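Reading through the structure tokens given below for one structure.
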Amino acid sequence: MAEVPTVQAAGNGPDYQGHETINTSILHTYSEKVDFLETQEKKQANMELEVIGQTVKGRDMHLVKYMQNLDNPTILYITQQHGDEALTTEGSLEFIKQLGTGKTKGILDDVNILIIPMYNADGAMGDVNYELEDYAAKGDRHLTRLNANGVDFNRDHDAKTQPETQALHENVLQRYEIDYMMDLHHQGAQWIKDDKYVSGAIFPPHPDHTAPEVLEGSKQLGAVVYEAIEPKGWGHLANYAGKGSTFNNGISVYGLAHDYNISTLLFEIRGTQDNANDFEVLGQKSNRYLTKQAVIAMYSASRAIADGSIQEKDVSFWDDLPVQEERPY
């Protein structure tokens, strides 16, 4: 067996393993996120900010909308369903900023974009109804996977027991005609492909519980992301799981494709920003590259939908994309 390196392409940042300080104060707080979004709304003529509901702890949930033409295809991005997966939100805020600049010139003419940044705001702020013990991070707060009631949002899309899940389904998924959805997450830092740690992993909905045309669109969305990231020096993407993994309609990549006929893609970026398990956490020197990876994924998907090139993507690469393997690091 080949030796697994102790650092890998995702920015060549260090593994955590308790060897450095992980500081949550470098990440946007909920209040800072709100201030950022309100500032961008004032600056960007095409952007609208909508409150779609409240969290268990009473925080407003924000939907960022770029809806120029209702006849255009629409993509929804969701970040930080799990509160300890914060660079997805950092990337979404950078993407929102770019949508107000010349870097994305013309893109909004042909695609509608919806973004829910920091979906699990209570977990992102560590404002929960249970103790957070032995977590890795330092700083002004801990970040935790579950919501304030200890519920995993990404298992709740069928039962919809939580106010946050209800807000998403009632005020976004059932209100807008959404064609594509990218659910941005983080996974543990211990996953490899070809004896190298991955920078991320992608996954389409379940083939046995998804309409063929929806599954095809999902795989094409994955092709766009793969082609944009894999050639980067730090890019190293794998298949998140094998074909026909156990179906659970409460998981967004499965349930949203099944219930709403939305072409969905799960994108798991390497390493969380806080956790009680050290192997889940990645050193912060990789933050810049992993955040950039999220931005590239959102930009490339939006551009491909806008110019129609997504419909020409060859999905056969999925047949040969290795499923990631777990290794200690």
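The values are calculated or read from the model by the stated rules, or taken from the named source; none is laboratory data. Everything quoted here is computed from the prediction, not taken from an experiment. Note: ideal-geometry Cβ built from the backbone for every residue, glycine included; neighbour counts use all protein chains shown.
Condition check ((1) buried (at least 20 other Cβ atoms within 10 Å of the Cβ); (2) in a loop (DSSP other than H, G, I, E, B)) across all residues:
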residue	(1), (2)
Gly123	yes, no
Tyr130	no, yes
Glu133	no, yes
Leu143	yes, yes
Asn149	no, yes
Asp158	no, yes
Leading residue by the ranking (surrounded by the fewest Cβ atoms within 10 Å (Cβ to Cβ)) among those in region 185-237 that are part of a loop (DSSP other than H, G, I, E, B) and β-branched (Val, Ile, Thr):
Thr210
Would it be correct to say that Asn147 is over 22 Å from Tyr260 (Cα atoms) and either among the acidic types (Asp, Glu) or modelled with pLDDT of 95 or more (or both)?
yes
Which listed residue is among the acidic types (Asp, Glu) and within 20 Å of Ala306 (Cβ to Cβ), from Glu85, Glu94:
Glu94
Only one of (1) over 30 Å from Ala159 (Cβ atoms); (2) among the aromatic types (Phe, Trp, Tyr); (3) outside any helix (DSSP H, G or I) fails for Phe267. Which number is that?
(1)
Residue set Thr161, Thr144; condition in contact (Cβ under 8 Å) with a residue 12 or more places away in the chain and among the β-branched types (Val, Ile, Thr); output residue Thr144
